[in-house]
Protein chains: 2
Amino acid sequence: MASRSSARDELLGVALEQFASVGYSGTSLSQIADIAGYSKSTVLYHFAAKETLLEAALSPAIETLTGILNDFARRGATPSSQGEFVAQFVDFLLENRLSVHMFINQGQSLQGIPVIHRANSLIVELAESLSGDMATAVDKVRFGVALGGAAYMLVASETWSRDPLPVDEIRSALVAVVTELLAPIHLRPTAL
Amino acid sequence: MASRSSARDELLGVALEQFASVGYSGTSLSQIADIAGYSKSTVLYHFAAKETLLEAALSPAIETLTGILNDFARRGATPSSQGEFVAQFVDFLLENRLSVHMFINQGQSLQGIPVIHRANSLIVELAESLSGDMATAVDKVRFGVALGGAAYMLVASETWSRDPLPVDEIRSALVAVVTELLAPIHLRPTAL
DNA sequence: AGGATACCTGACCGATCGGTCAGAAACTGC
DNA sequence: GCAGTTTCTGACCGATCGGTCAGGTATCCT
């Protein structure tokens, strides 16, 4: 009763942790197996290939983000909608730190992998729905800095400071800073 | 006269490019050698080990950043000094895209390597000289978002958009956004 | 009890990894 | 022309990579 998680789930968790911290190519299947307490063969029993494992590890975050984007597109461009979106987005970042870290940091080098391509497409849609074709360069940079910066803070806070900030402080601070960054951008949500 | 660069420099350039785009562990010495038009043995003739190659590729950026920080510390905390610092820093980011990309994206996973550790220490000093112990959580997040976001934009702009922004537009936009982000932070440069 | 099924593992495979080494080729100073 | 040095390379090494396969064990269904 104590350990409710199946071997598959344990492996998924360990894999995501390792992929995010030492990189996809820097993580070997035997590392994952060892940490999770199984053999490499067991990893390859549950997941046909290393790439399948990555796919399975990242999919939940992608689906969540898709939902958030759909909600935003359905609601329209009212200011309150923007506020709710930022809050939802920051919560998404906080609850999917590792996946987001992977997208941001390794999305470029893993473009061949389908799940990564889907994630990148999502981010492009996000960017376009927030700062469309008409947006100025400053608006684009503003959006990029907000997204990349927020994602970066999720992990950097632990890397740098002797005493990492508590989660709720990070959340409210992120909401404030991201809201402030996105405020000047003319919002025009589009259908996905 | 056409090709002034020695084999060593060519290898350094290719290595930095590959390390930044597909990751340190995702890059093999033979890849670097092939792209540069040499053999793997030649790489290991000029650089004792893969790690040495990384060290040599990143060192110039580290030294430049050290100089910028020293200048800032020497000048003091006047508003004009802050402005100049941001401009210098953004120029540094733009002129060292690949190195910065490596620090930000892989600094965590390469902590065992001396040159990376030096770079991380530099960033911590930068953070402390900008937003000291007294800074609020919002200030810390503001700084982190500015740094990570700016660094992220350097590469993301090419990954996302169909038509990447021209460099000078990115520069001025980055200066504007970073200045705006750091503005509320009480500056107190310290000796390095 | 007994067969089907799910789960897990060790042995093994070819490929590639970072790295060593002996020596060829090219350039130096004399 | 010739020794000495620098630059470069192919052959080779042990280790590890992702992945296959045959088989062991446990569980479930009847």
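The values are calculated or read from the model by the stated rules, or taken from the named source; none is laboratory data. It should be emphasised that the depicted structure is a prediction, and the values quoted were computed from it without experimental measurement. Cβ coordinates were reconstructed from backbone atoms using ideal geometry, including for glycine residues, and neighbour counts include every protein chain displayed. Only protein heavy atoms, including side chains, enter the accessible area calculation; ligands, DNA and RNA are left aside. Shrake-Rupley method; radii C 1.70, N 1.55, O 1.52, S 1.80 Å.
Structure notes:
- Among the residues of the range B:41-97, just one is at pLDDT 95 or above and of a type in the set (Lys, Arg), namely B:50.
- Residues being buried (at least 18 other Cβ atoms within 10 Å of the Cβ), in a helix (DSSP H, G or I) and among the hydroxyl-bearing types (Ser, Thr, Tyr) - total across the range A:109-132: 1
- The one condition in (1) under 10 Å from the mean Cα position of the chain (by Cα); (2) touching a residue at least 60 places away in the same chain (Cβ under 8 Å) that residue A:73 fails to fulfil: (1)
- Remark: pairs (first residue in the range A:1-23, of a type in the set (Val, Ile, Thr); second residue within 14 Å of DNA strand C (Cβ to nearest atom) and at pLDDT below 90; Cβ separation under 6 Å; 6+ apart in sequence or on different chains) are absent.
- Considered as a group, the residues in the range B:16-29 that are away from DNA strand D (no atom under 14 Å from the Cβ) and part of a helix (DSSP H, G or I) include one that is nearest to the other protein chains (Cβ to nearest Cβ), and that residue is B:22.
- Residue A:68 vs. criteria closer than 28 Å to residue A:168 by Cβ and either free of Cβ contacts under 8 Å to residues at least 24 places away in the same chain or in contact with a Gly (Cβ under 8 Å, 6 or more places away or on another chain) (or both): no
- Residues that are among the hydroxyl-bearing types (Ser, Thr, Tyr), away from DNA strand C (no atom under 15 Å from the Cβ) and open to solvent by 50 Å² or more (accessible area, probe 1.4 Å) do occur in the range B:60-71, at least one of them.
- Any chance residue B:64 is assigned to a helix (DSSP H, G or I), hydroxyl-bearing (Ser, Thr, Tyr), within 16 Å of DNA strand D (Cβ to nearest atom) and away from chain A (no Cβ under 14 Å): no
- Every residue from the range A:35-50 that is among the aliphatic types (A, V, I, L, M), in a helix (DSSP H, G or I) and near DNA strand D (Cβ under 9 Å from one of its atoms): A:43, A:44
- Residue within the range A:5-25 that is of a type in the set (D, E, K, R), surrounded by 17 or more Cβ atoms within 10 Å (Cβ to Cβ) and within 11 Å of DNA strand C (Cβ to nearest atom) present: yes
- Taken over the range B:134-159, the criterion of being out of contact with any Gly (no Cβ under 8 Å at 6 or more places or on another chain), surrounded by fewer than 18 Cβ atoms within 10 Å (Cβ to Cβ) and at pLDDT below 70 is satisfied by B:134 alone.
- All of A:104, A:32, A:113 fail the test of being within 14 Å of chain B (Cβ to nearest Cβ) and either within 16 Å of DNA strand D (Cβ to nearest atom) or within 17 Å of residue A:10 (Cβ to Cβ) (or both), apart from A:113.
- Pair list, Cβ under 6 Å, 6 or more apart: the range B:33-51 residue closer than 20 Å to residue B:102 by Cβ and open to solvent by 60 Å² or more (accessible area, probe 1.4 Å), other residue more than 9 Å from DNA strand C (Cβ to nearest atom) and not in a helix (DSSP H, G or I): B:51/B:113
- Selection from the range A:160-176 of residues that are at pLDDT 75 or above and at the interface with chain B (Cβ under 7 Å from one of its Cβ atoms): A:165, A:169, A:170, A:173, A:174, A:176
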